[in-house]
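Participant: Below you'll find the structure I mean.
The values are calculated or read from the model by the stated rules, or taken from the named source; none is laboratory data. Since we're looking at a predicted model, the values are computed, not measured. Cβ atoms come from the backbone with ideal geometry, glycine included; neighbour counts cover every protein chain shown. Quick note on the areas: whole protein, heavy atoms, side chains included, nothing else; ligands and nucleic acids left out. Shrake-Rupley method; radii C 1.70, N 1.55, O 1.52, S 1.80 Å.
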Amino acid sequence: MSLVNYRTINIDLLDPESSANFDLSTLTPSVQPVSTSDVQTLAGQIPQLLRGGDTEGALRGALENAPYGADEKGKETHLTTVTEILQSIRQADMSPLLQRIYRSPNGPETLDVLMKYLYKGMASSSSSSHSTSTTNSTNKQITPQATSGFSQIHARNVGGDGGGQAMSVLLSWHEKVVEIAGAGSISRVMADRRTV
Amino acid sequence: MPSSEVHHLFHHPIADHSFSADRQTLAVARDNNVELYARSGGKFALQDELRGHDKTVTGVDIAPRSGRIVTCSQDRNAYVWEPSPSGWKPTLVLLRINRAATSVRWSPSEAKFAVGSGARVIAVCYFEEENNWWVSKHLKKPIRSTVTSVSWHPNSVLLAAGSTDGHARVFSSFIKGVDPRPEPSTWGERLPFNTVCGEYLNGTAGWVHGCAFSPRGDALAFTAHDSSITVVYPGGPDQPPKAVVSVGTQVLPLVSLVWTSESEIVAAGYDCEAFKFRGDEQGWELTGSVESKGRPGLTDQREESALNMFRQMDLKGKVKDDTQLNTVHQNTISTVRSYAENGGSVSKFTTSGVDGRVVVWSL
């Protein structure tokens, strides 16, 4: 009797009505599955728009086609695409561009998506600067960043100037988006179950 | 010009508040007790205390006609308090829930009340004459998470509930022998107990804070943690809704809401001020704050003298005292309720919040 440590039993599994026993995905909005190749096709088209000087079109295209249903790799690819667009837009152009997007139909939703990418970009600060060159960063992915006590310092060293610069771009975008879309867009990023 | 009547009762959060029908008595949930305040002149003075719960009280509601008070608490119990010559007499209601009760509301008929809970059920309670006892029946399916708020339809049969699983739902709580058979409405024709008349999700599936039926009961509005407010116009029994209008706002999430007319809603929450929304099936929009910023007396309280400036710098290390919010409430508003109605639309409403204030607003 004393051999069974009752405190370690997961009682939720024994309760047929427990929340552990039903599929939570039925509660979330349904998203269309997107294949990685579709994301990559899009990632190929966006730079063409950028080269043509249509940064607004590129940003809109990338944000309106956010691949909610893609797998991790697809989402990562799209994050890279969005980050590249953001980096290619000059600081002075940010506010007018965001104003134009916000006033257009579905504009507020587009900015909410942008906010999601800003947070995702900041969350993966080192990967945002390296995902462009995934081939030569394999050794960096092996290092156990999460368990090492110096993960912060480690990431910063590895990221170097590139990481810091990417972060400052994201932060200045963040400031501008909050100016226009308000704190509500931040709370929507936190509440939204459709992740990017 | 909207005006407000501020009652700063104490420095404690108010989880819920309710006024009696004559608006002379105010019940507020403070920690484990409910305090009753009586209006004397322009102020509210503490009159009585309802003690009985042993954990934080989460909901309180005064029935307008019978004067009975129902309270619910995190101790998983609800009490119905009835006035008697020797004070308020509590009756324990067995809710049969294994998690905290989160909110309670009397039905408009006052024959039933509904208690939302963290046990993924709504307990619908009614009085059984033969046993002299409050009985609860559970609305269970398909609730998947904590119920944050409950709100009654004017017909006392339909019940709206917001939940942290992101859904706002409309249930039938029809109890034979208690309710008269409801008129068929746009929500459904036959309504046995636990009929799910509608299940709505907003764009982000953020958890739902507050919900409310429109005055006529033909539309449902709910606020969610994604700072949005969603209004649903049902399209008839077993039909998809005619319109689901969602407004994402720029402000922090809204917690509680009240319809002031068929085309206007007032909602408030983490931004410490109430906002007005206006719209119809075609679309809704935020029309502005209920408060007029730059009220007299807000800025010219402090004398702007050099002496004062240096004194502030000496005392606080800064010139401007920025510890005060620009709003009447100094913290999150948790409850918005109707206070006075005029020809079918709400002319006054009340808010209470974490800052211990109850404010009566005139629209």
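Participant: From the residues in region A:166-181 that are open to solvent by less than 20 Å² (accessible area, probe 1.4 Å) and not aromatic (Phe, Trp, Tyr), which one is nearest to the other protein chains (Cβ to nearest Cβ)?
Facilitator: Checking each candidate, the answer is A:Ala181.
Participant: Going through A:Val196, A:Val113, A:Val189 one at a time, which residue ends up being at pLDDT below 90 and within 14 Å of another protein chain (Cβ to nearest Cβ)?
Facilitator: The conditions single out A:Val196.
Participant: Restrict the check to region B:100-122 and report whether at least one residue is free of Cβ contacts under 8 Å to residues at least 40 places away in the same chain and surrounded by fewer than 16 Cβ atoms within 10 Å (Cβ to Cβ).
Facilitator: So far as region B:100-122 goes, no, none of its residues is free of Cβ contacts under 8 Å to residues at least 40 places away in the same chain and surrounded by fewer than 16 Cβ atoms within 10 Å (Cβ to Cβ).
Participant: Which residues, counting only those in region B:224-256, are free of Cβ contacts under 8 Å to residues at least 24 places away in the same chain and touching a strand residue (DSSP E or B) at 6+ places or on another chain (Cβ under 6 Å)?
Facilitator: none
Participant: Additional query: Does B:Val135 fit the bill of being outside any loop (DSSP other than H, G, I, E, B), open to solvent by less than 30 Å² (accessible area, probe 1.4 Å), away from every other protein chain (no Cβ under 14 Å) and among the β-branched types (Val, Ile, Thr)?
Facilitator: no
Participant: Sticking with this one: So which of A:Gly107, A:Gly121, A:Gly184 is in contact with a strand residue (DSSP E or B) (Cβ under 7 Å, 6 or more places away or on another chain), open to solvent by less than 70 Å² (accessible area, probe 1.4 Å), under 28 Å from B:Gly206 (Cα atoms) and at pLDDT 85 or above?
Facilitator: A:Gly184
Participant: Keeping to region B:180-207, report how many residues are within 14 Å of chain A (Cβ to nearest Cβ), open to solvent by less than 30 Å² (accessible area, probe 1.4 Å) and farther than 20 Å from B:Gly283 by Cα.
Facilitator: 1
Participant: Scan region B:246-265 for residues that are more than 17 Å from B:Arg216 (Cβ to Cβ) and touching a Phe, Trp or Tyr at 6+ places or on another chain (Cβ under 8 Å) and report the count.
Facilitator: 7
Participant: Could you tell me which of the residues A:Thr36, A:Thr41 is in contact with a helix residue (DSSP H, G or I) (Cβ under 7 Å, 6 or more places away or on another chain) and over 30 Å from B:Val208 (Cβ atoms)?
Facilitator: Working: A:Thr41 fails: in contact with a helix residue (DSSP H, G or I) (Cβ under 7 Å, 6 or more places away or on another chain).
After applying the criteria, what remains is A:Thr36.
Participant: Any residue at all in region B:159-178 that is of a type in the set (Lys, Arg) and more than 20 Å from the chain's Cα centre (by Cα)?
Facilitator: There is at least one residue in region B:159-178 that is of a type in the set (Lys, Arg) and more than 20 Å from the chain's Cα centre (by Cα).
Participant: Within region B:158-179, how many residues turn out to be open to solvent by less than 30 Å² (accessible area, probe 1.4 Å), more than 14 Å from chain A (Cβ to nearest Cβ) and touching a residue at least 40 places away in the same chain (Cβ under 8 Å)?
Facilitator: 9
Participant: Would you please list the contacts, defined by Cβ atoms under 6 Å and residues six or more apart or on different chains, that run from a residue in region B:5-26 that is free of Cβ contacts under 8 Å to residues at least 24 places away in the same chain to a residue that is surrounded by 13 or more Cβ atoms within 10 Å (Cβ to Cβ)?
Facilitator: Matching pairs, first to second residue: B:Gln24/B:Arg39.
Participant: Let me ask something else. Taking into account only those residues within region B:239-253 that are in contact with a Gly (Cβ under 8 Å, 6 or more places away or on another chain), more than 13 Å from chain A (Cβ to nearest Cβ) and part of a loop (DSSP other than H, G, I, E, B), which is surrounded by the most Cβ atoms within 10 Å (Cβ to Cβ)?
Facilitator: That would be B:Pro241.
Participant: Open to solvent by 20 Å² or more (accessible area, probe 1.4 Å), among the small types (Gly, Ala, Ser) and touching a residue at least 40 places away in the same chain (Cβ under 8 Å): which single residue out of B:Gly42, B:Gly67 fits that description?
Facilitator: Result of the check over B:Gly42, B:Gly67: B:Gly67.
Participant: Looking at region B:317-352, which of its residues are open to solvent by 90 Å² or more (accessible area, probe 1.4 Å) and modelled with pLDDT under 80?
Facilitator: B:Lys320, B:Asp322, B:Thr323
Participant: Would a scan of region B:222-237 turn up a residue that is within 14 Å of chain A (Cβ to nearest Cβ) and either more than 20 Å from B:Thr164 (Cβ to Cβ) or open to solvent by 40 Å² or more (accessible area, probe 1.4 Å) (or both)?
Facilitator: Checked against the condition, which is being within 14 Å of chain A (Cβ to nearest Cβ) and either more than 20 Å from B:Thr164 (Cβ to Cβ) or open to solvent by 40 Å² or more (accessible area, probe 1.4 Å) (or both), region B:222-237 yields no hits at all.
Participant: Tell me yes or no: at least one residue of region B:273-289 is buried (at least 21 other Cβ atoms within 10 Å of the Cβ) and more than 14 Å from chain A (Cβ to nearest Cβ).
Facilitator: yes
Participant: Sticking with this one: Would you say B:Ala21 is of a type in the set (Gly, Ala, Ser), open to solvent by 40 Å² or more (accessible area, probe 1.4 Å) and in contact with a Pro (Cβ under 9 Å, 6 or more places away or on another chain)?
Facilitator: yes
Participant: Quickly run through region B:85-99 and pick out the residues that are open to solvent by less than 40 Å² (accessible area, probe 1.4 Å) and small (Gly, Ala, Ser).
Facilitator: So in region B:85-99, the residues open to solvent by less than 40 Å² (accessible area, probe 1.4 Å) come out as B:87, B:91, B:93, B:95, B:97.
Across region B:85-99, the qualifying residue is only B:Gly87.
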